[in-house]
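To keep things clear, I will list the structure first and then write my remarks on it.
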Amino acid sequence: MTRLRVRANGRLVAALALSTVALTSLTACGAKEEAAPAAADGVKSSAAASVADFGTMRDLVAAAEKEGALNAIALPPDWANYGEIIKTFEAKYKVKVKVETPDAASADEINAIKSRKGQDRAPDVVDLGIPFDRSGAADNLFAPYKVVAYDKIPASQKDADARWYNDYGGYISIGCDASRVKACPTTFADLLKPEYKGKVALNGNPNKSGSAFGGVYAAALANGGSFSDIQPGIDFFGKLKKSGNFIPVESTPATVEKGETPISIDWDYLNASYADEFKSKGVDWKVSVPTDGVYAQYYSQAINKDAPHPAAARLWMEFLYSAEGQNLFLAGNARPVLLPAMTTDGTADKALVAKLPEVQGAPEFPESADLDKVKAALTQNWDKAVS
């Protein structure tokens, strides 16, 4: 992923001034006192690499319910249907999910793991946009764990050492309030038109927000860039800012409902949820995937290697990657990573699949080296381009 009700739209919290210092101050006390419970054959839950290390799924459930809690962060209820996902998990298992700072960004999740190490309020699990999953793994923050469905996840969408793997995602799209905009844009090129002055918004700062990062990446692809060259996307938003079309307001459900961000570049599943949510309030929200900048991104799940509730963390992962969990993401208009496999075996909800915005072709993903390069370019050039 901000996630203000929907993860402050792209998990950007710059506007909320959430920082490492703030996260640290929230958890300065409460050191973890109990050792991780043992799984099967004397293996600690914190070292379990699969269900087999617990014995059976029933044994994993028992270990997780003994812990009784799961610490999560950056999971707002309206983001990809997380509200229903959490309620279903809690109803299924005797584990209470505690979600702190639902509007946090991916960068703040990483900071929380680092700053809260050894604390009983440290995150057990994180939900991250690229490139934060890669950087977290490189910093040795995550526990290797293979869910039962691990082998069904495409190789391009998981870490070879099972420290993170994609879960759900979508395509960058353009959402537009047709009740306020006479002719809605459907491409990045359209966004430069003068009639969109003061109307175009991103959902955060791409240096902190996974979805805003995706928006700039898509703009780069639409303007001659590539997975290794994001500069054309930065330049594009510089032009939008100079023309007055791009506004500094971060799009959130609240700004969409109030008409403050009548055109929002965001994931298709979030824009699609706005169309459903605000229809009764007079918002005629249209969604299109721009044909000149097709870019898909999936969010990843990972387990904190020092999780206070290691068994609950692993049970949470198993639930998310079960057919039930994947269909719950689908109910939130997101595309679950196991959708191809579920379509083949017949476990995907066909009615929900039919609601997804149409996209041509299969998604492609950048390599880690590409991400390192474009992240450096964003850090160096974004602020001066749009300031």
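None of the figures in this text is laboratory data; all of them are computed from the coordinates on show. It should be emphasised that the depicted structure is a prediction, and the values quoted were computed from it without experimental measurement. Cβ: placed from backbone, ideal geometry, glycine included. Neighbour counts: every protein chain shown.
Projecting the Cα atoms of Pro357, Ala104, Gly169 onto the dipole axis of the chain, where Lys and Arg carry +1 and Asp and Glu carry -1 at the beta carbon, places Ala104 farthest toward the positive end. Listing Tyr217, Tyr168, Tyr321, Tyr93 from fewest to most neighbouring C-beta atoms within 10 Å gives Tyr93, Tyr321, Tyr217, Tyr168.
Taken along the Cα-to-beta-carbon direction at a fixed 7 Å, the label points for Lys66 and Ala331 span 3.1 nm. With neighbour counts taken as other beta-carbon atoms within 10 Å, the residues Trp164, Trp79 rank, fewest first, as Trp164, Trp79.
Quick check on region 225-382: take the gyration tensor over C-alpha atoms, sort the square-rooted eigenvalues as a ≥ b ≥ c, and tell me if it's rounded (a/c under 1.5), prolate or oblate.
Details: a/c = 1.68, a/b = 1.25, b/c = 1.35.
Oblate is the answer for region 225-382, as a/c is 1.5 or above yet b/c matches or exceeds a/b.
Label point of Ser280 set 7 angstrom out along Cα-Cβ; within region 246-268, amide nitrogens under 20 Å from it belong to 253-259. Residue by residue, region 189-205 carries 3J(HN,Hα) couplings of 4, 4, 5, 7, 5, x, 5, 9, 4, x, 10, 9, 9, 9, 9, x, 8 Hz when phi is fed to the Karplus relation 6.51 cos²θ - 1.76 cosθ + 1.60 (θ = phi - 60°); x denotes Gly or Pro.
Quick one: if you take sqrt(5λ) for each eigenvalue of the C-alpha gyration tensor of region 117-250, what semi-axes come out, biggest first, whole angstrom?
On the way: eigenvalues 245, 52, 43 Å².
Equivalent ellipsoid of region 117-250: 35, 16, 15 Å, largest first.
Centre-to-centre, using Cα atoms only, region 348-376 and region 172-190 are separated by 21 Å.
Put simply, the amide H of Gln119, placed in the peptide plane, has neighbours under 5 Å in Lys32, leaving out anything fewer than 5 places away on its chain. A simple spin-label model places the labels of Thr347 and Gln380 4.6 nm from each other, with each point 7 Å out along Cα-to-Cβ.
Using Cα-Cα distances under 8 Å and only pairs 6 or more residues apart, what relative contact order does region 108-209 have, in percent? This gives 16 percent for region 108-209. For a modelled paramagnetic label at Lys355, 7 Å from Cα along Cα-to-Cβ, the residues of region 316-349 in reach, with backbone nitrogen under 13 Å, are 327-335, 349. Rounded to whole numbers, the Karplus 3J(HN,Hα) couplings from phi for region 178-183 are 5, 7, 10, 10, 4, 10 Hz, using 6.51 cos²θ - 1.76 cosθ + 1.60 with θ = phi - 60°, and x at Gly and Pro. For region 254-268, 3J(HN,Hα) computed residue by residue from phi via the Karplus equation (6.51, -1.76, 1.60; θ = phi - 60°) reads 5, 5, 5, 4, 7, x, 6, 10, x, 10, 10, 8, 7, 5, 5 Hz, glycine and proline entered as x. Would you grab the residues whose amide H sits under 5 Å from the one on Ala69? Only those 5+ places off in sequence or on another chain, please, with H modelled 1.01 Å from N. For Ala69, the qualifying residues are Lys96. Computed from point charges on the beta carbon alone (+1 for Lys and Arg, -1 for Asp and Glu), the dipole magnitude for region 174-291 about its Cα centre is near 380 Debye. For region 225-250, list residues with backbone N below 14 Å from a point placed 7 Å from the Cα of Leu192 toward its Cβ? What the label zone holds, given the 14 Å backbone N cut-off, is 225, 232-246. Spin-label model, Glu100/Asp161: points 7 Å from Cα along the beta carbon direction are separated by 2.6 nm.
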